[in-house]
Every structure is written in C-alpha cells, then in structure tokens.
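A quick write-up on the structure given underneath.
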Amino acid sequence: MSYHLLEQGKHKQDFIDQYTVGFDRFKAYLLGKDKDGTPPKTPEWASKITGIPADKIRELAELMASKRTQIGGSWSIQRAHHGEMPYWAIVNFACMLGNIGLPGQGVGFSWHYGGGGMPQSGGTAPTGLSQGRNPVKKICPASRITEMLEGPGKPFVYNGTTYTYPKVKLIYNAGNNFMSHQQDTNALIRAMQSVDTVIVQDCWWNASSRWADIVLPATTTVERDDITSAGTYSIDKVFAMKQLIAPVGDALDDFEIFRRLSALCGIEFAFTEGLKPMDYIRQAYEKSSAVKDTPFAKFWEEGHAPIKVPEEARKWVRHAEFRADPAKHPLHTPSGKIEMYSATIDKMRLDDMPPMPKFLPPAEYLGNAKPDEVHVVSPHPYYRLHSQIANAEPVRKLYEIQTREPLTISRADAEKRGIQDGDLVELYNERGALVVGAKVSDKIMPGVVSIYEGAWPQLDSKGRCNNGLVNFITSNRRASKLTQATTANTCLASLRKCTDADPGGSKAFEPPAITKSDIAFDAKFYALDRAAALRAKATASMGKGEKIFYQRCTVCHGPRDPAQYTLKQWQGITPSMFQRAGLNDGEKQLVMEFLQKNAKQG
C-alpha cells in the first residue's frame, strides 16, 4: 500500500518533510533499492505473501488516501516473530497519508483496551501500596523465563542493552498463572527441574499451582474488600469492591499472607506500617481525584464515585499538539519527530530488528509450511479472561467439545483429514501435542486453525495436553532482540483425527488429594538476619524523588529499575505515569531528577 501511494504520487511529501525523519531510507526499501537486495514492494509482491489480490491492495490504499482514515492496531499483531514490524509499517503508512494529528485520523494502538480512546479525566486513580527499591538488579523479560532457567549467566540483549540471566533457585508466584502463559510448556517443565522450590499464591488449583511445591491459598475478589478504578486510560470512576462472602476454607487475603510472612521474617511493621487493609483502601481512595467531590464514607456506602472529565478532553486529538508545532511539542524520540528509519536502532546492530519496517519471513508460517501443516493462531477467549473462569463448569459447557477446548478448523481442512464437527482431534508438532474438539467452520481461512489461549493443562497417558493448552505447541523464540517479546501466534502444527484419547475426558479441573499435617520450623529456617538486611538495603539512603517513585509511580503493574530505560524513554512514559500517581509539580521535578541521574545512558 505504501508502494502504491508512492508510485501514484499520492503520498503527502509536505507532512513527511516537516514531521518525520528517515523517509529516504524507507523509500529506497519500497522501491527495491535498499542494500538488502529485496525486490520492489509492489502489490503483486505483497499478494504472493498474503494471498490478498493485488487489486484489492491498491483499492484499500486508494480508499484510505481518499477518506478520513484512522488505523487501529490491536496488541495481538505483536505476538509473532518480528511482530514489531507491522506497527512500524502502520505508522509509516499513516505518515505517507499525512493524517497523523488530525481529528478522527492517524493511528492508535490501545483503542480496544481499558478505555483507550475515551475522553480522559486527567485525574488520579486510587494509589497502590508503597514498596522500596528492588535490591536485585537482574532482570528477565516476561516471555524469557524458560531461557533464564536453562541458562543462568547467559547474555541476552533487551532494549539495546546486554544483560545476563540470573541463577534462580526459588520462584515465588502471586497473582499470575505463569505456567499457562509461557510458550513451549514442555520446555518450561524441563527447565523448572533446576529450581529448588516453587511457591504459588493463588485462588485456584490452576496450572501454576499444580506444578508448585508450596501453595498458599488466597482469597478471590469477592472474599475481601478492595478498590479499583474504571478505565486504564479514561480514569473516570472509582469502584468499591466489597466483600460478599467469607473466605472459603483456609484462604487468606494477599495482604494477610504477606503480613504473616513479614512477621516470620521480623519485619512486620516495615510491611504494614501499622495499617490494616481498610486503612490502605481509604488511603488509596483519598489520594484519587474522586475524593474532591465524594467523601470516602459516601463512596464506600454507594459503591462508586465519579472523576470528572473536562469538556476539552472530549475534543482531544492524539498528536494534535505535535502537528500544530513540532518544535514546541516534540515527540520523545532522539530527533523529536516520527522516525520512519531509526538511527538509534541501526546503531544497535540487531540481526533480527532492522532500523525500519521490513517484511522478514517468520520462522513458521504458511509460506514455509510442510504440506500437512496448518498455521495455529491463539486469540483471547470469548467466554473467559485468559485462564480465569476456565474452571467454571457452567461457562465451560457453553463452548467445550467432549470436555475439551474447541479448535476452529475450515471445512476444507476438515474434509481433507476426515474430521467432522465435534470429533476429537490431535494438534501436534515437535514441541508437543494437544487433544481438542473440532469446530468445523466456513468463517476461517483454509490452512489456519484457531484455539483460544489460557486453557488449564492436564497431561494424558501419552504426554499430550488432554485439555488443549496451546502453549504445549507454541515456540519459545523471541520476537526480536529489541523487545524479547512472545511469539505465540507464530506456530505451525500438524492435525489429525484423534482415535486414542484417554477415557473419561479432560481431568484438568479435578481437585488434588488433600492431606493435613503439622509442620514446625526452627528459627534458622527463616533466615531472619538476611530478611532484615534485605529490607534495610531496599530502603536505605533513598532520596525524596526515589521514595516517591517507588511509592506512587507504576509502569504496567509495578515500578521498573530506572536503568532499564533512557531519559528520552522515561520522558515518554512519565506524563501518564505522573497523572495516575497524582504528583504535583514539585514531586514531578523530584522524580525526574532521580530518573535523570539513574536512567540508562544512550
């Protein structure tokens, strides 16, 4: 599409000249004049890769160039080998349209999530618990757990910096089903043999709990009091999450679990600061913008409180200020402009992340598949959130096939393999195998099958996942050395009718056998001196800006080590971070001074 605009002279050169850098390099790639030696990126070239007729590609390019066009990119596109490239290509195409910063046009990558695209209050959501700096500086990208366990000390590149994996002997997992969202589950199971102890704190006997040495049963959200906000972006309401039932069995809320652990380690007051859960809920609410109009007592009684959205927010346009005056409102890029080619990434010399959007053949796709293989995609489930509610039998009955996850398959692929709707099928490759139920459909492309992510696993007598956790067949390869992200949707597998399934169906939700016994530990077990020393190290010599950062600033679930990002990157992150933290100008300045001193150089 970009090639077509260029060839027809319908690209907006004035916009490109004023607001971007690097177009000459991208243009050379489109025309086949780049040093990589690839051909011109004509619609015919793209048609051979995508299967979309060249005339349709031209038609869509013409349509977008002639109408008010906004391109919304979902997050799923990234979850693939070289998954960064499509987003960058979208931005570059939008630059050629010249419509970034205009009402109802340009690009957006979060419109589907958490109130993205809705008018923003500009207010502060309820705050979280304070925490000190992490004395452990080693990191592991979220999708690299298996690689970390397999190779302690192994170097890896992330965001342009080389790190080494730590040696892990204990895993403490709370509020996260890591065994369900790591790719190549069989490889993870093997890698976990190097770990001495796995502790899981969860509400359910899910995948992670099944592979744990110690399970700490935690309450669900209906068994405790809590607080939350509406809209990750809009932040226009606060909700009271009131306890509805007493904790079931021996379950404790997370705060109480950590209070007891901190008491064992001799640092209880350092954790609780003398407060109880309801004190923290009140404190979290009173730091939010909702308190300006609704006192806490009224909020808790009524169950919700609004945060006012200013009228001007309803007319907000992404990148409008940048378009109006790029010198006064530069982007947080090295050039201050949209980088259609990145000199910064070029300097990193990453073999799997070029400095501009290119088509890089994935390691697994229909373009290199064997005759019997299909491409497996694993979208978010329709009836649950990831693996949550997978154990709810009334919900499961709405979609399960012979007690297992459904696999959507085209009629042509089913007929070729002698598969009928409702049959059990085996989906397999060199990494593992699944037994699932066939859902024959006319609404999926031949050569592609779809199975929801997040199933709970259960191994059958042949080592296959008897309930359909797709990660038993997805690969553990990274998206690139830049992001080290997951590539779950880059997956080929073979498919056949299953004639040797274990009798009795899926047993993924059967509870474990419970035996009770009393265990006593002597004081040496808790290593109290080490716990106190770590606590002291986490809080010692913290300046004002650092204290505010670790107490109130979050970046996608928790504070990051400032050295993971450059100052430019922090400048792009902090506007929304400061807003949610409710910092005043003085506090913002203190945090920025702390980040400036401790950010990654480069």
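Relative contact order for segment 306-364: 17 percent, from Cα pairs under 8 Å spaced at least 6 residues apart, divided by residue count.
Karplus-based coupling profile of segment 576-581, in residue order and whole Hz: 6, 5, 5, 4, 5, 7, with θ = phi - 60° in 6.51 cos²θ - 1.76 cosθ + 1.60 and x standing for Gly or Pro. Remark: segment 300-314, residue by residue, has Karplus-estimated 3J(HN,Hα) of 5, 5, 7, x, 7, 8, x, 10, 4, 9, x, 4, 5, 5, 6 Hz, where x stands for each Gly or Pro and the curve is 6.51 cos²θ - 1.76 cosθ + 1.60 at θ = phi - 60°. With helices as the sole contributors, the chain gives -8000 deg cm²/dmol at 222 nm; each DSSP H run of n ≥ 4 counts as -39500 (n - 2.57), and the sum is divided by every residue.
Here the peptides 160-173, 472-485 are ranked by packing, the mean other Cβ count within 10 Å, and the order with the highest first is 472-485, 160-173. If you take the Cα centroid of segment 385-400 and the Cα centroid of segment 216-267, the two points sit 23 Å apart. Using a probe of 1.4 angstrom and keeping all protein chains present, the accessible surface of segment 262-376 works out to 59 square angstrom per residue. Ranked from largest to smallest solvent-accessible area, with a 1.4 Å probe on the protein heavy atoms, 316, 111 come out as 316, 111.
Could you tell me the relative contact order of the chain? Use alpha-carbon pairs under 8 Å, at least six residues apart, and round to a whole percent. Can you show the working numbers first?
Values: 1078 pairs, mean separation 103.5, N = 602.
Computed over the chain, the figure is 17 percent.
Computed from backbone phi, the HN-Hα couplings of segment 47-58 come to 4, 5, 7, 8, x, 8, x, 4, 5, 5, 5, 5 Hz, rounded to whole numbers (Karplus: 6.51 cos²θ - 1.76 cosθ + 1.60, θ = phi - 60°; Gly and Pro given as x).
Taking the highest mean first, how do the peptides 334-347, 227-240 order by number of other beta carbon atoms within 10 angstrom per residue? Provide the component values of the computation, followed by the final result.
Numbers: 334-347: 17.4, 227-240: 19.8.
Highest mean packing first, the order is 227-240, 334-347.
Here the chain is treated as a sphere whose radius is the Kirkwood value from Cα pairs; by Stokes-Einstein at 10 °C and 1.306 mPa s it diffuses with a coefficient of 58 µm²/s. Taking the centroid of alpha carbons for each part, segment 448-512 and segment 530-602 are 39 Å apart.
Under a Cβ-Cβ cut-off of 10 Å, what is the net charge of the residues other than residue 499 that fall near it, where Lys and Arg count +1 and Asp and Glu count -1? Please report the intermediate quantities before stating the final value.
On the way: positive: 496, 497; negative: 423, 426, 500.
Once all neighbours under 10 Å are counted, the net charge is -1.
Amide H contacts of residue 228 (H built 1.01 Å from N, in plane; Pro and chain starts excluded): 239, 241 sit under 5 Å, all sequence-distant by 5 or more or on other chains. Site pair residue 172 and residue 192 shows an inter-label distance of 1.9 nm when each label is modelled 7 Å from Cα along Cα→Cβ.
Apply 1/(1 + (r/R0)^6) to the Cβ-Cβ distance of residue 136 and residue 544, taking R0 = 22 Å, and write down the FRET efficiency to the nearest 0.05. Write down the numbers at each step before the final one.
Numbers: r = 23 Å, r/R0 = 1.07.
According to the calculation, E is roughly 0.40.
Could you work out the local net charge near residue 581, counting Lys and Arg as +1, Asp and Glu as -1, over the other residues with Cβ closer than 15 Å to its Cβ? Don't jump to the answer; show the numbers that get you there.
Working: positive: 287, 544, 547, 552, 560, 580, 588; negative: 286, 546, 585, 587.
Around residue 581, the charge tally is +3.
Scanning residues 5 or more positions from residue 203 or on other chains, those with amide H under 5 Å from its amide H are 218, with H placed 1.01 Å from N in the peptide plane.
Here the label points at residue 597 and residue 312, each 7 Å from Cα along the C-beta direction, are separated by 3.4 nm in the simple model.
Near residue 117, within a Cβ-to-Cβ distance under 14 Å, what is the net charge of the other residues, with Lys and Arg +1 and Asp and Glu -1? It would help to have the intermediate numbers written out before the result.
Values: positive: 314, 315, 318; negative: 236.
Net charge around residue 117: +2.
Measure up 56/347; 154/547; 41/154; 358/588; 397/443 against 30 Å on the Cα-Cα distance and list the ones that go over.
Numbers: 56/347 37 Å; 154/547 32 Å; 41/154 38 Å; 358/588 39 Å; 397/443 22 Å.
As for pairs spanning more than 30 Å Cα to Cα, those are 56/347; 154/547; 41/154; 358/588.
The values are calculated or read from the model by the stated rules, or taken from the named source; none is laboratory data. On a predicted model such as this, the values are computed, not experimentally measured, just so you know. Neighbour counts are summed over all protein chains in view; Cβ atoms, including those assigned to glycine, are modelled from backbone coordinates with ideal geometry. When the accessible area is computed, the model is the full protein with side chains, heavy atoms only, and any ligands, DNA or RNA have been set aside. Shrake-Rupley method; radii C 1.70, N 1.55, O 1.52, S 1.80 Å.
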